[in-house]
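Asks: One structure follows; several queries about it will come next.
Quick note: the coordinates plus some simple rules give every number you see, no bench work behind them. What you see is a predicted model; the values in this text were computed from it and never measured. Note: ideal-geometry Cβ built from the backbone for every residue, glycine included; neighbour counts use all protein chains shown.
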Amino acid sequence: MWQAEVRIDLDAIRDNVATLRAGTTAEIMAVVKADGYGHGMLPAARAALAGGATWLGVATLDEALTLRRAGLTVPVLAWLNAPGMPLHEGAEAGVDLNAGSLGQLGELVTAARRAQRPVRAHLKLDTGLARGGATPADWPALLEAAAKAQADGELEVVGIWSHFVYADAPGHETIDHQLAVFAEGLATAERYGIEPRYRHIANSAATLTRPDAHYDLVRPGVAIYGLCPLPGPPPVRLRPAMTARARITQTKRVPAGQGVSYGHAYHTSREATLALVPLGYGDGVPRHASNVGPVLLGDAVRTIAGRVCMDQFVLDCGDDPVAAGDVATLFGPGDHGEPTATDWADAIGTINYEIVTRFGGSRIPRVYDGSVPGSGGSDDPGSRGADGSGQV
């Protein structure tokens, strides 16, 4: 018997990747950082590869090395590494590494010398996001240093890349501007003798809406988990892979005017049945969902009554018949009228990325469903998680 669980449909991840793959001539880098956006990095990676992805993308070296230790040999790009990290371990494992500054390029050269093999490098151009990457003014110096390191046998420049500011608002003026800056950056790279196999800038939103931005490789993240980063319905069929639910632990009748949860931020408008759901902000439920979070219980979508606590929250069920043991579904694919992660994001003023990533904690078991190798029912230890425990 389970109390609360997060169910992951690995077939949905596989099929979402296959759908994206069918819409482009570029290769697919499935982004599985942040523990696969809360879905479990290793199961999500395997499902994405089954759907046709040929690359995996992560933020950190540790994530990349975890993929390698699990036996995944496809190209992996890790793009966010602080100075002094053991990048030579990445080089030895054949991990692709990012350089967006002369300092970062120097770290890669040092790693190559220590590993006694060239580092597979991706040079990042800041086309306007003002986050990582070399500005257009600094780009020539980075190219010059990279060309020398490549000539010296210390680097193999595999890719040139960038990231969009606002691709989730189709038609926004920044999109065309960034593509123009990226094209100029590629032309400048050619003048320095750098012509990488992979040019990539498209995230999920651009993968869905801007085929002219696909180049050789696209990097969908949230879309592979079935969530759309765009306003309105997705332009292709995507199926959300995560469902979060819990069993009611207690119900009680209370009078009209009863204050509920900390601070009595909610009061019943009439005599009502309250149902206690054993999930809270310690499990990933945003505290900002207090008094606004939607939950399906029985035949109705109800709103969280009062403040979300660390381990629990309350639903006001009025006179509806509910009992301990009934299942409350916070979000899922929407097949049975339950809210989606996007509904939750809309309710609390955030993005669906954050909702699913919050539920990657260790306290709630993650249970894997589907026909992808390594998935299956919740009673199959080999199918439930990377370590067979039902949690990853």
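Asks: Please say if region 10-225 is rounded, prolate or oblate, where rounded means a/c under 1.5 for a ≥ b ≥ c the square roots of the C-alpha gyration tensor eigenvalues, and otherwise the choice is prolate for a/b larger than b/c and oblate otherwise?
Replies: Oblate shape, in that a/c is at least 1.5 and b/c is the bigger or equal ratio.
Asks: With n ≥ 4 as the cut-off for DSSP H runs, can you work out [θ] at 222 nm for the chain, using -39500 (n - 2.57) per run divided by the number of residues, rounded to the nearest 500?
Replies: Value at 222 nm, helices only: -8000 deg cm²/dmol.
Asks: Pulled fully out, how much extra length does the chain show between Glu271 and Thr188, if you take 0.36 nm times their separation in residues and subtract their Cα-Cα distance?
Replies: In short, 22.8 nm is gained.
Asks: Determine Rg/Rh for region 1-113; Rg is computed over alpha-carbon atoms and Rh is the Kirkwood hydrodynamic estimate from the same atoms.
Replies: 1.05
Asks: Over region 242-360, calculate the relative contact order: mean separation of alpha carbon pairs under 8 Å at least 6 apart, over the residue count, as a percent.
Replies: Dividing the mean separation by the residue count of region 242-360 yields 29 percent.
Asks: Kirkwood hydrodynamic radius for region 235-311: how many Å is it when counted over pairs of different Cα atoms?
Replies: Roughly 13.8 Å, rounded to one decimal.
Asks: Evaluate the relative contact order of the chain (contact order divided by residue number), counting alpha-carbon pairs under 8 angstrom at least 6 apart; express in whole percent.
Replies: 17
Asks: If R0 is 22 Å, what FRET efficiency do you get for Ala323 and Arg363 from their C-beta distance, rounded to 0.05?
Replies: 0.35
Asks: Next question, about the same structure. Going from the alpha-carbon gyration tensor of the chain, what semi-axes, largest first and in whole Å, does one get by taking the root of 5 times each eigenvalue?
Replies: Over the Cα atoms of the chain, the ellipsoid semi-axes are 44, 22, 18 Å.
Asks: Out of all DSSP beta bridges in the chain, what portion is antiparallel? Express it as a percent rounded to 5.
Replies: Beta bridges within the chain, antiparallel portion: roughly 50 percent.
Asks: Let me ask you something else. Using alpha carbons only, how many angstrom separate the centre of region 295-331 from the centre of region 131-182?
Replies: Cα centres, region 295-331 to region 131-182: 48 Å.
Asks: How much length would be gained if the chain were fully extended between Val292 and Val74, taking 0.36 nm per residue of separation minus their Cα-Cα distance, in nm to one decimal?
Replies: Using 0.36 nm per residue and subtracting the Cα-Cα distance, I get 74.2 nm.
Asks: Sticking with the crude label model, points 7 Å out along Cα→Cβ, report the distance from Ala141 to Val236 in nm, one decimal please.
Replies: Those two pseudo-labels are separated by 4.1 nm.
Asks: Using a simple spin-label model with points 7 Å from Cα along the Cα→Cβ vector, what separation in nm is obtained for Ala93 and Arg197?
Replies: Placing both labels 7 Å beyond Cα along the Cβ direction yields 2.0 nm.
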